[in-house]
C-alpha cells in the first residue's frame, strides 16, 4: 500500500508528534508499505541534519512548528502532495493537517485517516480557527480516527458526538527495539560525568518538555517530603527543553528552596536520554491538571519501562493506560502529594520490589510495538 503521512513535527526536531510520525512510518515500511512523509524543514536544522537515514521517503517543505498564519502554506502543501502523486492511504498525523485535509476533501475527494493525541480536543469547542474555516465537524470527515488511549477515545466522542464510534480505533503507542538495548557502562559513566553525578546518587528523573502539566513542581514537593536519610542521596534530573521560561524559573526556584539536588539537562541527545533512564531509580512524571493540555497517553513511560525503570504517574488523562499499576510503576491520584511521596519512597527503599518491577516493566513495554501500532492504524 502507498502511504502518505503529513506532519508538522518531525525528527531531528524532538517532540511527541514527531516521534510518533517517524516510528510509525518506519514500522509501516518494515511491514512492506511504500511510505512518503511530508514534514517541515525546521529552521534549527541543516538539510543534511533533517534528511537522516530511514526506510521511507521524506519530503521537506519550508516551515517550522505550526502557527495559524502558516495555514495557507500548509493547505497548499497538502493540495500539491495530492496532485503530484497517487496514494492508497493519506494520514493526517496531527490536528493541523487534519484541518488541511478536511478543507482539501471538499474539492479533492481523497479519503483520509487522522490521529488525535488528546490535548487538541480540549481547545476544540472554543477554536475560532475552526469556526472561521467551517471545520467544527473536523473529525467526522476522516474514514478512520486513530487515538492513543481509551481516555482519548472517550474524550473525542464526548467532544464530537457526531462521529460514529466504529470509526474510532485505539491504536496506543509503541516503543522501538532500540530502547531495550543495554547501555554500555562507558556511556553511563560519560553521562554521570556530564551531569556531575556519582554512582552513589539515587536518581529520580523526568524526561519531558518542561511544561506545567508534566508535574515537575509536584515531584519537587514530594522529594522534599522524603525522609532526610533518603533525600540526602537523591538527585532530581530534569531532561527536556523548556518552552515556557517563566515556568522553568519557577521549577528552578522551587528546587532551590526545597534543598533538592537538581540537574537541568536541556540538550541531551537520544543516546544520553537512554543512558539516563538506565541509571535512574525512579521515572517520575505525575502530571497535574492544566487547562487545554493533557497527557493523552505518555510515550516516555514506555521508554523508561524498556530500560527496566518503573514510573510514577497520576491517574490523569491516558497516563494510567501507559503505566500498568504495580507492574511498570505506581499510579497515584492527581494532586495527592502524600501518595506521590509514598510511591517514590517505596520504589527507592524496597530493593526487592524495585527489582521485580524492573522485569515486569520490560514485559509491559514489549507488549507495545510500533509494528502493532502500524497494523492497527492501516487496517482499513
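Some points to look at:
- Summary value for the stretch 2-171: 19 percent relative contact order, contacts being C-alpha pairs under 8 angstrom separated by 6+ residues.
- Burial ordering of 105, 91, 42, fewest other beta-carbon atoms within 10 Å first: 105, 42, 91
- Between residue 67 and residue 159, the C-beta separation translates, for a Förster distance of 22 Å, into a calculated FRET efficiency of about 0.40.
- Cα Rg over Rh - the stretch 2-171, Kirkwood: 0.94
- Comparing 152, 206, 140 in a Gaussian network model of the chain where C-alpha atoms under 10 Å apart are linked, the largest mean-square fluctuation is found at 140.
- For the stretch 166-303, the relative contact order works out to 37 percent when only alpha carbon pairs closer than 8 Å and six or more residues apart are counted.
- Estimated [θ] at 222 nm from DSSP helical runs (n ≥ 4, -39500 (n - 2.57)) normalised by residues in the chain, nearest 500: -12000 deg cm²/dmol
- Seen from all directions on average, the stretch 177-366 presents a Cα convex hull projection of 9.7 nm².
- Residues 297, 87, sorted so that the one with the fewest Cβ neighbours within 10 Å comes first: 87, 297
- Counting other Cβ atoms within 10 Å as a rough exposure proxy, the listed residues 359, 284, 89 run 359, 89, 284 from fewest neighbours to most.
- Across the stretch 144-185, counting alpha-carbon atoms alone, Rg and Dmax equal 16.0, 54 Å.
- Reduced Cα scattering model of the chain, Debye log10 I(q)/I(0), q = 0.07, 0.13 Å⁻¹: -0.32, -1.07
- Segment residue 185-residue 107, length gained on full extension (0.36 nm per residue, minus Cα span): 22.4 nm
- Summarising the label geometry, the points placed 7 Å from Cα in the beta-carbon direction at residue 41 and residue 349 lie 5.7 nm from one another.
- With 0.36 nm allotted per residue and the present C-alpha distance subtracted, the residue 14-residue 326 stretch has 109.3 nm of extension available.
- Dividing the mean sequence gap of close Cα pairs (under 8 Å, 6+ apart) by how many residues the chain holds gives a relative contact order of 15 percent.
Values in this text are rule-based calculations from the coordinates and carry no lab data. Please read these numbers as outputs of a predicted model, since none were measured by experiment. Neighbour counts are summed over all protein chains in view; Cβ atoms, including those assigned to glycine, are modelled from backbone coordinates with ideal geometry.
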